[in-house]
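Report on the following structure.
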Amino acid sequence: MLIAVMGAGSIGAYFGGKLALAGNTVTLVARGAHLDAIRRRGLRLLSDGQETLVACPAQVRATDDPKSVGPADLVLLTVKTYHNPGAVPAMRPMVGESTAVLCLQNGVDSYEAASRAFGAARVLPGAAYVEASLPAPGVVQQTGDVVRIVFGEADNQDSARGRKIQEVLEAAGIPAQFTTSIHRTLWTKFLFIATLVGVTCLARQSLAELWPRPEWRQVIEGCLRELEAVGRACGVDLDADVVAQTLAYMESSVADLSASMYADLLAGRPLELEALNGAAVRAGKRAGVATPMNDVIYAMLKPYAEGVGR
């Protein structure tokens, strides 16, 4: 399969590298020192104490120019959501008549940017579950036991292309699920991510620091229940015990849970605020559900959304 990865940072490069190793023709669209390192030394994947080299250009291609790629069978959209205004239009040369665009970004409505640009019929919303980082340019470190992609058609219908993409991902050693209830998946992840990043950024403390304190546990549960109410008002069939499930997961993993947006805030980098707590506020207004906790989080973090000094 001809595959392009738009935004081959940690997550995009990890999945792109795995797909390339499986024999697919993969092009990573990256930039800066990361791109230079991939071109010079190949892409290094670190996982479970082992290192795998994905040779460039023998096994994977790398560029900063989407126009040089041409139409692909599948494009993975993995840029940070605040890059969408520039990245999505730049993807156009890679999106042909039969191209499928798989959006693996945070949020419940992030995929709509690609849908507006290329038509809803070409875009599949998805959720990526993986802990990946860039310890050095050209190097992706994957940690933990969770690696999974869940995706589906935006209208929740079955499709031959969805089943084919699942087969390609699984053949590359990437656990994948093509679902006919993708919005439930997106909102279930959204409850967790938006609460984790919103509360830790608001408090300027990690979840491990906040969890033992009853007053912050109340805030965390309150934020989850607020988001649950919005999701249900938007017509999403969430599990009856979705909040209890999320709290149990937080408690069992509290020592290992970190929010990349919290790290971005501390480092003065731009924030995915609009895709997370901003999206919660917008969805609440559309559904007629009050979102006082997310209103406060959004208002407090808005001055930092573009990064400090930007």
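Readers should treat all values here as calculations from the given coordinates under stated rules, not as data from a laboratory. Every value quoted in this text rests on a predicted model; they were computed, and no experiment measured them. So basically every Cβ, Gly included, is an ideal-geometry build from the backbone, and we count neighbours across all protein chains shown.
Averaging the sequence gap over all C-alpha pairs within less than 8 Å and six or more residues apart, then dividing by the number of residues, gives the chain a relative contact order of 15 percent.
Here the ratio of the Cα radius of gyration of the stretch 1-132 to 2.2 N^0.38 Å is 0.99.
Gap in Å between the Cα centre of the stretch 151-197 and the Cα centre of the stretch 252-310? When both Cα centres are located, 23 Å separates them.
Please report the spacing between the Cα centers of the stretch 36-62 and the stretch 112-137 in Å, no decimals. Spelled out, the Cα-based centre of one part sits 21 Å from the other.
State which entries of LYS164/LYS285; LYS67/LYS164; LYS164/LYS302 exceed 30 angstrom in Cα-Cα distance in the structure shown. LYS164/LYS285; LYS164/LYS302, as the Cα separations exceed 30 Å there. In terms of packing, defined here as the mean over residues of other Cβ atoms within 10 angstrom, the peptides 94-101, 83-90, 251-258 line up highest first as 94-101, 83-90, 251-258. Using the Cβ of GLY173 as centre and a radius below 13 Å, the other residues enclosed give a net charge of -1, where K and R count +1 and D and E count -1.
What is the Å³ per residue value for the convex hull set by the Cα atoms of the stretch 183-304?
Cα convex hull per residue, to the nearest whole number: 94 Å³.
Applied to the stretch 5-13, the Karplus parametrisation 6.51 cos²θ - 1.76 cosθ + 1.60 on θ = phi - 60° returns per-residue 3J(HN,Hα) values of 10, 8, x, 7, x, 5, 6, x, 5 Hz, with x for Gly and Pro. Remark on GLN177: its backbone amide H falls under 5 Å from those of ILE149, VAL150, PHE151, a criterion applied only to residues 5 or more positions apart or on other chains, H modelled at 1.01 Å from N. So which aspartates and glutamates pass the test for LYS80, namely a Cα distance under 17 Å, with those fewer than 8 places away in the same chain ruled out? Straight-line reach from LYS80, under 17 Å: ASP64, ASP109, GLU112, GLU131, ASP264, GLU272, GLU274, GLU306.
Taking the inverse of the average 1/r across all pairs of different Cα atoms in the stretch 72-203, what Kirkwood radius in Å do you get?
15.7
With the convex hull drawn over the C-alpha atoms of the chain, the volume per residue is 127 Å³.
Would you work out the relative contact order for the stretch 8-150, in percent, from Cα pairs under 8 angstrom that are 6 or more residues apart? Averaging sequence separation for qualifying contacts and normalising by length gives 26 percent for the stretch 8-150. Taking other residues whose beta carbon is less than 14 angstrom from the beta carbon of LEU124, and scoring Lys, Arg as +1 and Asp, Glu as -1, yields -1.
Would you mind calculating the relative contact order of the stretch 226-310 from Cα pairs under 8 angstrom and at least 6 residues apart, reporting the percent as a whole number? Result for the stretch 226-310 is 37 percent.
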